[in-house]
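Here's the structure we're looking at; comments come further down.
The values are calculated or read from the model by the stated rules, or taken from the named source; none is laboratory data. Worth saying up front: this structure is predicted, and the values here are computed from it rather than measured. Backbone-built Cβ (ideal geometry, glycine too); neighbour counts: all protein chains shown. Side chains are part of the model used for accessible areas, which takes the heavy atoms of the whole protein and leaves out ligands, DNA and RNA. Shrake-Rupley method; radii C 1.70, N 1.55, O 1.52, S 1.80 Å.
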Amino acid sequence: MDIRLDTYRKLDLAGLPSRRVDVWLPPEYAEQPEKRFPVLYMHDGQNVFKGRPSIGPGWQVTENISALSQQGAISAPIVVGMTSTLNRIGDYMPQKAYDKPGAAAMVEKHFNHLPHLPINVVSDLYLEWIVRLVKPLIDRTYRTLAAPEHTVLMGSSMGGLISIYGLCEYPEVFGAAGCLSTHWPVLGDAMLDYLREALPLAGRLRLYFDHGTVDLDASYAPWQEMADQIILDKGYQLDQDFVSLVFPGAGHHERFWTERLQIPLTFLFGRPA
């Protein structure tokens, strides 16, 4: 499938590693020139539209969106892919959870097998970059539906953490988050404590979570269950504004996320029955 992307390279914010932003417009964008579109902001953008030898074909997000749109199952969104950097862990590490007592030591222990990996926690800057620079560019350049209910964050693993963190920090900007194979263990109780404090009460937001049962995903179940209970305690209704799914046999890899991507896309962008 030939994918045309608009690419932006000079959207820099002081203190934050530079990265590329790629934008994909669904076919309906050209076909319906009066229509405005929801927007899906995706982390690890280098894996969203095109794969690499190490990961295979990537998320195949455009193929999944096009298929669902042709079936009439969703309102196709504009997709904004924001590439990760060598500081990926620090970019996506929820800063207010990381700043809790004991959390930094837990993170260091979690990644002690990667002593060469840089971890400069700048996730608050990363979210500020999206809100102050990226989203305004997208909204003034394209025909978007700019309100929170049409503005969605999505990512996997650490990208799942930054998605729910972004929703908590900017509920007036983002109205939904898709969090696949969320890497809860890196912050453990500190992230759960943050959710208890910062997750807005139900009423305006939609939350999607899932995980598999193999390799890294095998450790996620108890953390996801505790997060689910926090979310339910905030008034969210399972299968209405909140979804949490388990995929037996699925592991921690783009091919598994691709296989089930239509499920969160339908929940987040589905047309009313």
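Pairwise over distinct Cα atoms, reciprocal of the mean inverse distance: report the Kirkwood radius of the chain in Å, one decimal place. Answer for the chain: a Kirkwood hydrodynamic radius of 18.7 Å. For the chain, the longest principal axis of the Cα atoms and the long axis of helix 158-169 meet at an angle of about 80 degrees.
Ordering 195, 153, 138 by the projection of their Cα atoms onto the charge dipole of the stretch 97-215, which places +1 on the Cβ of Lys and Arg and -1 on the Cβ of Asp and Glu, puts 138 at the extreme positive end.
Give the cross-link partners of residue 109 among the lysines, using a straight C-alpha distance below 17 Å as the criterion and excluding same-chain residues fewer than 8 apart. Excluding near neighbours in sequence, the set is 100.
Straight Cα distances below 19 angstrom link residue 50 to the aspartates and glutamates 2, 6, 22, 63, 254, 259, with same-chain residues fewer than 8 positions distant left out.
Charge dipole of the chain (Cα centre as origin; +1 on each Lys and Arg Cβ, -1 on each Asp and Glu Cβ, all else neutral): 660 debye, rounded to the nearest 20. Candidate cross-link partners of residue 234 among the aspartates and glutamates, defined by an alpha-carbon separation under 18 Å and a same-chain spacing of 8 or more, comprise 169, 172, 189, 193, 197, 225. Take the Cβ atoms of residue 197 and residue 132, set R0 to 35 Å, and the FRET efficiency comes out at 0.90. Applying the Kirkwood pairwise sum to the alpha-carbon positions of the stretch 1-151 produces a hydrodynamic radius of 17.1 angstrom.
As a fraction of the 1.4 Å probe accessible area of the stretch 24-105, surface on carbon and sulfur atoms comes out at 54 percent.
Rolling a 1.4 angstrom probe over the protein heavy atoms, how many square angstrom per residue are accessible across the stretch 1-156?
Working: 7180 Å² over 156 residues.
Averaged over the residues of the stretch 1-156, the accessible area is 46 Å².
With respect to the chain, whose longest principal axis is taken over its alpha-carbon atoms, helix 61-70 is tilted by about 50°.
Taking the empirical scaling 2.2 N^0.38 Å for compact globular proteins as reference, the stretch 91-169 has a Cα radius of gyration ratio of 1.30. Pairs of C-alpha atoms in the stretch 149-194 farther apart than 14 Å represent 46 percent of all such pairs.
Computing Rg and the Kirkwood Rh from the Cα coordinates of the stretch 169-257 gives a ratio, Rg/Rh, of 0.96.
Report the residue, chosen from 136, 148, 26, that carries the largest GNM mean-square fluctuation when the chain is represented by alpha-carbon nodes joined by springs under 10 Å. Checking each option, the largest mean-square fluctuation is seen for 136.
Expressed as a rounded percentage, what relative contact order does the chain have, with Cα pairs under 8 Å and six or more residues apart?
Values: 509 pairs, mean separation 52.6, N = 273.
19 percent.
The relative contact order of the stretch 1-107, computed from alpha carbon pairs under 8 Å that lie at least 6 residues apart in sequence, is 29 percent.
Taking label points 7 Å from Cα along the Cα-to-Cβ direction, residue 189 and residue 12 give a separation of 4.2 nm. Relative to the dominant Cα principal axis of the chain, helix 221-233 is inclined by about 70°. Its relative contact order, with pairs defined as Cα atoms under 8 Å and 6+ residues apart, puts the stretch 207-247 at 64 percent.
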